[in-house]
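**Q** Could you have a look at this structure, given as structure tokens, before my questions?
Nothing in this text is a laboratory measurement; each read-out follows from the coordinates by a stated rule. Note that the coordinates shown come from a computational prediction; the quantities given were computed from them, not determined experimentally. Cβ: placed from backbone, ideal geometry, glycine included. Neighbour counts: every protein chain shown.
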Amino acid sequence: MTAKIRVHSTLSRRKEDFVTSIPGKATIYVCGPTVYKPSHVGHLVGPIIFDTIKRFLTHQGYEVTFVVNITDIDDKLIIEAAKRKITVKELAEEVTEDYFHCLKALGIQSIDRFPKATEHIPEIQAMISKLIADGHAYASSGDVYFDVSSDADYGKLCNRDPEQLEAGARIEVSDRKRNPGDFALWKGAKPGEPAWDSPWGPGRPGWHIECSAMSMRWLGETIDIHGGGLDLQFPHHENELAQSESYSGKPFARYWLHNGLMKTGDKKMSKSEGNEIVVRELLKKYPAETLRALILSSHYRSPIEYSESRLIEVGRSLETFHRFHDRVARILGIPVDSIPPWRPDSGTPSDLIAMRDRFIEAMSDDFNTGAALSVLFDLVTHLNRHIETQKLEKEKHQPEPLNYLSTGTSILMELSGILGILDPSKIRKQTGGESGEVVDGLMRLVIELRALARKEKNFATADLIRNRLSSLGITLEDRPDGTGFRIG
């Protein structure tokens, strides 16, 4: 490991040194979606954040296993499937496919497994049986409930006693419970609902027990990082923690990381608020990296303010990097992604090493992506200044300033890859193959026609060409060595 990492755990309410159960390995579990409606932007906040955390831990030498569950049986699915007159299974498969599409579009490809609740019924039932046998749960008229009074430190994640938690939350009322705060581990089947046979009668699992059983199945009884949105802290995570530690007698998670919520105005983005932005529709208007950069532009524990104006602002700021990539490609004569990856060596200039160290320090300090992103802007500004002071676009140059630019660019690509943005292979502006040659040829013709119009002082036509191209997402750039273009 090359950096000392500290993380803020919700359970301890302070920053702690990051020490995993097994040296050199790390496990991450994040609560995934209940798949009853298409993914909205708020659903992707956690996956983007924890994908970035995995990228950084991997960069630092950890072998990371990252699991995100799929809740494919729940009251919400049953109600929505009935409305649409399809089965719960059909609905779950449809919405899960939408979720996977959104993950891929946003560059979230580090998740190792997506366990589904319906595929883990035996593990769930075995866990419930042991909780009953150990006196932590009880069966009641086909249901099974966890007895919160059996857990002496119930409420420790939220730092509240059970009575305070009950007062501040909507508790499911039932005369089958011993205590108002007891929560369902197994729900007896109602007519027409999906059901599985069990020792307590036909039924289906409660929401909280699903995550405990799935995380233990794939990551063991103690997870290194348990992640999720702040809105899941109670009751979901508090109940997960109680039932898991009552079951195993071991700490359930070494570190609890809760990300801030996506907000529109003063309300969190959610289906219940009716202000959700469907990801598929959003990505028709904005590049995926723009949304990803918006989410990573602040510390993960902070609320994320969503607005179209903010997306536009972030997109414009990313253009700084796109223009830089094009500039470097022109100077070096090769695509930016053909520059060799950076490797530690004694020949790297100290000022570039210092900027790289600042990025690593930001990410090591509770995964501060906002501060890390600001380092990237500082680095690209520094490299652009190097191009200008060395006159790399205007004169023939010695190898040394070119090597400096190449090294700095490779460091920029290394660090931006940790954040999952600015992949040159994805944002390169010309398409490849025969279609790319056609586009280049047509654009050279259009640029020549505009140059001719300007030479003849026909500025109205020249402006018309530029404006029409801009409306198509093509930007003309007048440079010292001639006019170029960018698509996107």
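**Q** Going by average Cβ density within 10 Å per residue, which order do the peptides 248-255, 81-88 take, highest to lowest?
**A** Ranking, from highest mean packing down: 248-255, 81-88.
**Q** Distance check, please: which entries in Lys25/Lys268; Lys284/Lys391; Lys394/Lys455; Lys177/Lys267; Lys284/Lys457; Lys54/Lys284 exceed 30 angstrom between their Cα atoms?
**A** Pairs exceeding 30 Å: Lys25/Lys268; Lys284/Lys391; Lys177/Lys267; Lys284/Lys457.
**Q** Which aspartates and glutamates does Lys4 reach when only Cα atoms under 15 Å apart count, and residues fewer than 8 places away in its own chain are ignored?
**A** In chain and number order, the partners are Glu16, Asp17, Asp357, Glu361, Asp365, Asp366.
**Q** Using only helices, what value at 222 nm comes out for the chain when you add -39,500 (n - 2.57) per DSSP H run of length 4 or more and divide by the total residues, to the nearest 500 deg cm²/dmol?
**A** Theoretical 222 nm ellipticity from helices: -15000 deg cm²/dmol.
**Q** Which one of Val68, Thr264, Thr20 has its Cα pushed farthest toward the positive end of the charge dipole of the chain, where Lys and Arg give +1 and Asp and Glu give -1 at the Cβ?
**A** Toward the positive end, the furthest listed residue is Thr264.
**Q** How do the peptides 122-131, 389-398, 139-148 rank, highest first, by the average count of neighbouring beta carbon atoms within 10 Å per residue?
**A** 139-148, 122-131, 389-398
**Q** Using Cα-Cα distances under 8 Å and only pairs 6 or more residues apart, what relative contact order does the chain have, in percent?
**A** Once divided by the residue count of the chain, the mean separation gives 15 percent.
**Q** Below 20 Å, Cα to Cα, which lysines can Lys263 reach? Residues fewer than 8 away in the same chain don't count.
**A** Lys37, Lys271, Lys285
**Q** With axes computed from alpha carbons, what is the tilt in degrees of helix 238-248 against the longest principal axis of the chain, rounded to the nearest 10 within 0 to 90?
**A** Its long axis makes an angle of about 60 degrees.
**Q** Decide, for region 370-423, between rounded, prolate and oblate: order the square roots of the alpha carbon gyration tensor eigenvalues as a ≥ b ≥ c, take rounded if a/c falls under 1.5, and otherwise choose prolate if a/b is larger than b/c, else oblate.
**A** Taking the square roots of the gyration eigenvalues as a ≥ b ≥ c, region 370-423 is prolate.
**Q** Now, a different point. For region 278-340 and region 81-132, what is the separation of their C-alpha centers, rounded to whole Å?
**A** 30
**Q** Using the Karplus curve 6.51 cos²θ - 1.76 cosθ + 1.60 with θ = phi - 60°, what ³J(HN,Hα) values do you get for each residue of region 447-452, in whole Hz, with x for Gly and Pro?
**A** 5, 5, 5, 5, 4, 5
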